[in-house]
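Below you'll find the structure, written out as structure tokens, and then a few comments.
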Amino acid sequence: MILVIKMTTPPSEYLKNMSYFLKHSNEEEIDSNTFLKEYLEKTNTKNLHWLDVGAGPGTKLVRIIKNGLTDYMDYILIDVVEPSKELLNVFNKNFCKNKLEYLVNERHHTIWEEFVAQKQYDLITFFHSMYRIEKNSLEKIPSFLKKNGLACIIIESPNSDLFPIRQKISPYYKHKDIISYNVIIDYLKEKNISHEVSTQEPDQRFYVDGILDPKNSDTKRVLSFILQTKPEDHEKIVKKEINREINKELKKHVKKDKHGKSYIHTPDRFIWIYK
């Protein structure tokens, strides 16, 4: 099975970039709440064996659990796959801090292609962790699910204001094999893999007041995160002339909320895969 999740920047830099992005976005709250609502509508299980792939710092998992998942389950056991040792350490600290470490069974410090599942799962989640995989690995996901199990992929919507910017500017996102929503859906249909897509896109926003100022030292941090650059592209993105071009593109999509704050629309889509 070939399903590789690669860090595009060093883990410590990635965490800083992600933290800054989430500080200005409602993504984590909306993704977590939307996932919890939809999952509870789709499942009848009370004993949850859950595999999270590309766990990162684990903040979405913590939020989902604390927002009420435990109220609906008699039993929860979580396995995680995370290729970065540094991020896995942060994951452990977050679960300990929130007194949820008792829910975590196995922590696999490995890439997905080397992970060998010893069991099947009621739930497998990919929370923004499928952007750099071989698409043929999608065919294998159902084999890791129990009879009535579900897999959930959260991925950027083509309607996101960031999507065309990535396509136009980032060298990496011009690669023909980049995994996107459309690539996933086309492949699932081609292989007749049972799936459905959530009918509504959450109103996710990334607030950009001050961030689009080329003089703002945090601009490059945000852009490096939202463009998810490869190491060799990272320096290109933060160069002043590229920064200006990206800022120009972003400004075309800026909207105002009812309080006059500037934001861009960054919805995700939820793809559910069935056994």
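Read-outs throughout are calculated quantities, based only on the coordinates presented, and are distinct from any laboratory measurement. Quick caveat: nothing in here was measured; it's all calculated off a predicted structure. Cβ coordinates were reconstructed from backbone atoms using ideal geometry, including for glycine residues, and neighbour counts include every protein chain displayed.
Can you list the aspartates and glutamates whose alpha carbon is less than 14 Å from that of K251, not counting same-chain residues fewer than 8 positions off? Partners found: D161, D209, D213. Given their separation in residues at 0.36 nm each and the Cα-Cα distance between them, K37 and E201 gain 57.7 nm when the chain is fully extended. Extents of region 50-122, largest first, come to 34, 26, 16 Å (Cα atoms, principal axes, whole angstrom). Taking other Cβ atoms within 10 Å as a rough exposure proxy, D268, D71 sort from fewest to most as D71, D268. By the count of neighbouring beta-carbon atoms within 10 Å, fewest first, W112, W272 end up ordered W272, W112. The slack in the chain from E86 to E245, taken as 0.36 nm per residue of separation less the alpha-carbon distance, amounts to 53.9 nm.
Each residue in Y39, Y187 was given a count of other beta-carbon atoms within 10 angstrom of its own, and listing them fewest first yields Y187, Y39. A simple rule links phi to the HN-Hα coupling: the Karplus curve 6.51 cos²θ - 1.76 cosθ + 1.60 with θ = phi - 60°, which for region 253-267 gives 9, 5, 10, 10, 8, 5, 9, x, 7, 8, 8, 10, 8, 10, x Hz, with x for Gly and Pro. Full extension of the segment from K140 to K99, taken as 0.36 nm per residue of separation minus the current Cα-Cα distance, would add 11.4 nm. Each principal axis of region 1-152 carries a Cα extent, and these read 40, 33, 25 Å when sorted largest first.
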